[in-house]
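Visitor: After the structure tokens below, expect a handful of questions from me.
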Amino acid sequence: MITIALDAMGGDHAPRAEVEGAVLAAREYGVRIVLIGVEAKVRAELNRQSARGLPIEIVNATEVITMEDSPSVAFRKKRDSSVHVGAKMVKQGQAEALVSAGNTGAVMAVARFVLGTLPSVDRPALAAAFPNAKGGASVLLDVGANVDSKPEQIEQFAIMGEIYYRTIFGTKRPRVGVLSIGEEESKGNELTREASNRLKQTSLNFIGNVEGKDFFKGDVDVIVCDGFIGNIVLKISEGLVEHVAGMLKKALKSSLSAQMGYVLSRHAFAEFRKKIDYSEYGGVPLLGVRGITVIGHGRSNSNAIKNAIRVAAELCRAKANEKIEKELSAAVASARV
């Protein structure tokens, strides 16, 4: 049974959302979950749940990393935080994966320096999934782990993202593209042009440059870019989704006839919200570190926590890290020939 170390103190709604999500995941996915946090608080929430017989246990951590803590402070001064304890459990082989909805920068720092990176990985990358117009999902990376990237790192992001996509979404040959300002090879800056040249030489199903307007069409599965750009795309997309959903709901309630229509279309609206709901995708994996690490949104509810655990378990079962190391090692060897 796969063991997931869950930071029970990380999110905005911790520890309730984390405990509720852990109970849901333990029932549905057959995983063992270790809730890590201030024991009295975590146990009080667990006692509220119908968790008898489920493979859930609690490990105490005396410190909590807040959203206001800088990554350096979180890493150096809060060594008994729930994130630190979870990362140590993974490093020591007591758990296969770490899941946290806490301070993203702090979780990345702890994961990178406590767990370390895979031998062939230069820098880890955050991979975010977005719903597309074809009913599936597209994955963008990096979305914030690295603000400055080199062409060879973009190539690594593409290989890691392609493996992640195959693992989670089951597509045998995901289409990979570089985010740029035009589809033509000549478009873009030095980074995107060199990254495209490198990706042409790989065995990936590389389709070339893709533009921002192609992002939600569903014509590309894995999109790679610098983490600075990726984070901006992520934040704009999240804001746009919330804005569109709010406008649609407001428009449906704006008149009597519209209100009648809203009553009739509540099911359709609920389906729309579900398709664009971040909680359905759970969390963002930090690809390239030793030990699976999945970082959830700070606003994660119990459904998001449950799905973050699902993503972590699927990556563990698919031996994603072994595949990343094998394929990156082969890419490096090929480049040297």
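Visitor: List every residue pair whose Cβ atoms sit under 8 Å apart, with the two residues 6 or more apart in sequence or on different chains, where the first one lies in region 39-57 and is over 12 Å from residue 22 (Cβ atoms) and the second, anywhere, is surrounded by fewer than 16 Cβ atoms within 10 Å (Cβ to Cβ) and not basic (Lys, Arg).
Guide: 39/60
Visitor: Would you say residue 273 is modelled with pLDDT of 90 or more and of a type outside the set (A, V, I, L, M)?
Guide: Taking the combined requirement at face value, the residue does not satisfy it.
Visitor: Among the residues of region 129-145, is there at least one that is in a helix (DSSP H, G or I) and not charged (D, E, K, R)? Walk me through how you get there before you give the answer.
Guide: Of all residues in region 129-145, those in a helix (DSSP H, G or I) come to none.
No, region 129-145 contains no residue that is in a helix (DSSP H, G or I) and not charged (D, E, K, R).
Visitor: Of everything in region 201-218, what is without any contact (Cβ under 8 Å) to a residue 60 or more places away in the chain, under 13 Å from residue 183 (Cα atoms) and in a loop (DSSP other than H, G, I, E, B)? Give them in sequence order.
Guide: 211, the sole residue that qualifies.
Visitor: Looking at residue 147, is it assigned by TED's automatic domain parsing to the domain that holds residue 227 and at pLDDT 90 or above? Let's see the steps before the verdict.
Guide: Values: assigned by TED's automatic domain parsing to the domain that holds residue 227: yes; at pLDDT 90 or above: no.
Here the answer is no, as residue 147 does not meet what is asked.
Visitor: Taking region 6-17, which residues are outside any loop (DSSP other than H, G, I, E, B), over 16 Å from the mean Cα position of the chain (by Cα) and surrounded by 24 or more Cβ atoms within 10 Å (Cβ to Cβ)? Step through it out loud before you land on a result.
Guide: First, the residues of region 6-17 that are outside any loop (DSSP other than H, G, I, E, B): 6-7, 16-17.
Filter again for over 16 Å from the mean Cα position of the chain (by Cα), leaving 16-17.
Of everything in region 6-17, just one residue is outside any loop (DSSP other than H, G, I, E, B), over 16 Å from the mean Cα position of the chain (by Cα) and surrounded by 24 or more Cβ atoms within 10 Å (Cβ to Cβ), namely 17.
Visitor: Could you please find all residues in region 59-93 being farther than 22 Å from residue 146 by Cβ, touching a residue at least 60 places away in the same chain (Cβ under 8 Å) and surrounded by fewer than 19 Cβ atoms within 10 Å (Cβ to Cβ)?
Guide: Across region 59-93, the qualifying residue is only 91.
The values are calculated or read from the model by the stated rules, or taken from the named source; none is laboratory data. Model, not experiment: these values are computed from the prediction. Every residue, glycine among them, receives a Cβ derived from its backbone with ideal geometry; neighbour counts consider all protein chains shown.
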